[in-house]
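Below: one structure, written as structure tokens.
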Amino acid sequence: MTVAVPGSIAALPRVVGAALRVPLVTGERVEYANLDHAASAPCLEQVRDAVDELLPWYASVHRGAGFASQVSTRVYEQARDSVRRFLGARSTDTVVFTRNTTDSLNLLARSLPRHTSVVLFDTEHHAALLPWRGPHVRRLRTPGTPAEAVLELDRALRATPEGPRLVVVTGASNVTGEVWPVAELAAVARRHGARVALDAAQLAPHRPVDLRALDVDYAVLSGHKVYAPFGTGVLVGRSDWLQAAEPYLVGGGATARVTDHGDRLGVAWSAVPERHEAGSPNVVGVHALAVACDVLGRHWEQTVAHERELLSRLRAGLATVPGVHELSLFGSGHDRVGVVSFVVGGQDVGFLAAALSAEHGIGVRDGAFCAHVAVHRLADGDRALRASLGLGSTVEHVDRFVAALRSLVTEGSRCDYEIVDGRWVPENDQRALPPFLR
């Protein structure tokens, strides 16, 4: 099923749960306003249907002679082509399926040649910030403009020792939504003989990503960010470093041959991508990711237009709420995807998030969003609120959120709250959980 976009001849894909109604502390039920797409996006209806279609055929991948096993293996391998198309990858690039973006970046970090110099900005998401360790890692403080980011990277690479080099960069900030100058940074990296790894987790659900056009070597993303929440991620890119590395995990599938030599085992590892996909693969999650990639790839014009309209409305509305200060790396006029983080003067963001949920049926995120350095720097050591848009977002969701936030800031909450296990919750909360949790 699809939903029409005003002024467009095409339609947006629909998400599962678009009509979900949630209980309020007042006893009412309202349509859930999910403004937390940056954390995990809901499932596309096409993805759900594709998973339902596959499940009767679900069987072992790569290891079975049965017909269902052959079907599952075909589905799994065809998914690599869908992901490759979605990311504009080269025909020679390998596609390794992982658990998520974090898993993908840790795999790449484990596969670097010895003494590889790694350069990255310190406001990255923890998934991109933490896997790189040791004396050859240089973290750059994020500058005030994209142009300064390019100059700072150039200076850093000039000072980097000879040898293999890797630049790690995000496509869009999961804190501010601002789009990074990936192509410009990649051009600088090329001049210094460095490779580039792109964290596309936050960019890929909102904008087309083309590895060849951007001239980057690796890209990673998570299925749960691109409307396929079935536990799969991907690492796409040049195969030589991955082929030369010991397997990230060892076990079945990663081994071409194991021999007994008495006091030791002899192991010949498989070639990539199987080399880094040990164990029984998540064929359902991989199929879900492939279908999501195919669906999004057919709807970019409508998706981008939809989110830009809602983002403009959201930011304009927040500007009218007393005390709101929007966080920004590069300035208010810079291009961004549908993610907005902000603080509200004199207000506890955890309390605001709890009240928005309990009294208004709105889901937002509070905290530091697994990007502590960025949030603490931009929010002067404090935490922030984040509202993030996606295919399931509507004008009503945005308007209700702005009105609810303004009411909480100017009039206060309608019920009393207490802190339980570090989180604000309504006192005597009587909201009923769904039946499957009872």
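The values are calculated or read from the model by the stated rules, or taken from the named source; none is laboratory data. Computed from a predicted model, the values in this text were never measured in an experiment. Note that we place each Cβ from the backbone using ideal geometry, even for glycine, and neighbour counts take in every protein chain shown. Just the protein is used for accessible areas: all its heavy atoms, side chains included, with ligands, DNA and RNA removed. Shrake-Rupley method; radii C 1.70, N 1.55, O 1.52, S 1.80 Å.
Antiparallel as a % of all DSSP beta bridges within the range 48-297, to the nearest 5?
Antiparallel bridges make up about 50 percent of those DSSP assigns within the range 48-297.
Once amide H atoms are placed 1.01 Å from N in the peptide plane, what residues at a sequence separation of 5 or more from ARG138, or on another chain, have their amide H within under 5 Å of its amide H?
Placed amide hydrogens put VAL118, VAL119, LEU120 under 5 Å from ARG138.
When the helix-only estimate is applied to the chain (DSSP H runs of n ≥ 4, each -39,500 (n - 2.57), divided by the residue count), what is the mean residue ellipticity at 222 nm, nearest 500 deg cm²/dmol? Provide the component values of the computation, followed by the final result.
Values: 13 runs with 146 residues, N = 438.
So the helix-based figure for the chain works out to -10000 deg cm²/dmol.
Restrict the search to the range 98-145; then list the trypsin sites (Lys or Arg not before Pro) that DSSP places in a loop and that have at most 10 other Cβ atoms within 10 Å of their Cβ.
Details: sites: ARG99, ARG110, ARG114, ARG133, ARG138, ARG139, ARG141; in loops: ARG99, ARG114, ARG133, ARG141.
Of the trypsin sites (Lys or Arg not before Pro), the ones in loops of the range 98-145 whose Cβ has at most 10 other Cβ atoms within 10 Å are ARG114, ARG133, ARG141.
What longest region of the chain stays clear of GluC sites (Glu not before Pro) that DSSP places outside H, G, I, E and B and that have at most 16 other Cβ atoms within 10 Å?
Values: sites that count: GLU28, GLU162, GLU427.
So the longest stretch without any such site is 163-426.
For the chain, give the percent of accessible area contributed by carbon and sulfur heavy atoms, probe 1.4 Å, rounded to a whole number. Numbers along the way, then the final one.
Details: 9980 of 19180 Å².
Reported share for carbon and sulfur atoms: 52 percent.
Net charge within 14 Å of ASP215 by Cβ-Cβ distance, Lys/Arg positive one each and Asp/Glu negative one each, not counting ASP215 itself? Let's see the in-between values first.
Details: positive: ARG90, ARG190, ARG191, ARG195, ARG212, ARG238; negative: ASP93, GLU184, ASP210, ASP217.
Charge balance in the 14 Å sphere: +2.
Grab the eigenvalues of the alpha-carbon gyration tensor for the chain, scale each by 5, take roots, and send me the semi-axes largest first in whole angstrom. Working shown, then result.
Values: eigenvalues 284, 160, 84 Å².
Each semi-axis is the square root of five times an eigenvalue, giving 38, 28, 21 Å.
May I ask you to derive the relative contact order of the range 180-228, considering only C-alpha pairs under 8 Å and at least 6 residues apart, and to give it as an integer percent? It would help to have the intermediate numbers written out before the result.
On the way: 51 pairs, mean separation 20.0, N = 49.
This gives 41 percent for the range 180-228.
In a Debye calculation with equal point scatterers on the alpha-carbon sites of the range 348-438 and no solvent, what is log10 I(q)/I(0) at q = 0.12, 0.19 Å⁻¹?
Log10 of I(q)/I(0), two decimals: -0.45, -1.04.
Compare TRP180, TRP132, TRP241 in a GNM of the chain, Cα atoms joined below 10 Å, and give the one with the largest fluctuation.
Greatest mean-square fluctuation among the candidates belongs to TRP241.
Residue farthest toward the positive end of the dipole of the chain, with Cβ of Lys/Arg at +1 and Asp/Glu at -1: which of PRO146, VAL375, ALA358?
PRO146
Evaluate the charge dipole of the range 371-421 about its Cα centre and quote only its size in Debye, nearest 20, assuming +1 on the Cβ of each Lys and Arg and -1 on the Cβ of each Asp and Glu. Each step should come with its number before you reach the end.
Working: 6 positive and 8 negative charges, 47 e Å.
It works out to roughly 220 debye.
Looking at the chain as a GNM with Cα springs under 10 Å, which of ALA149, ALA256, ALA201 has the largest mean-square fluctuation?
ALA256
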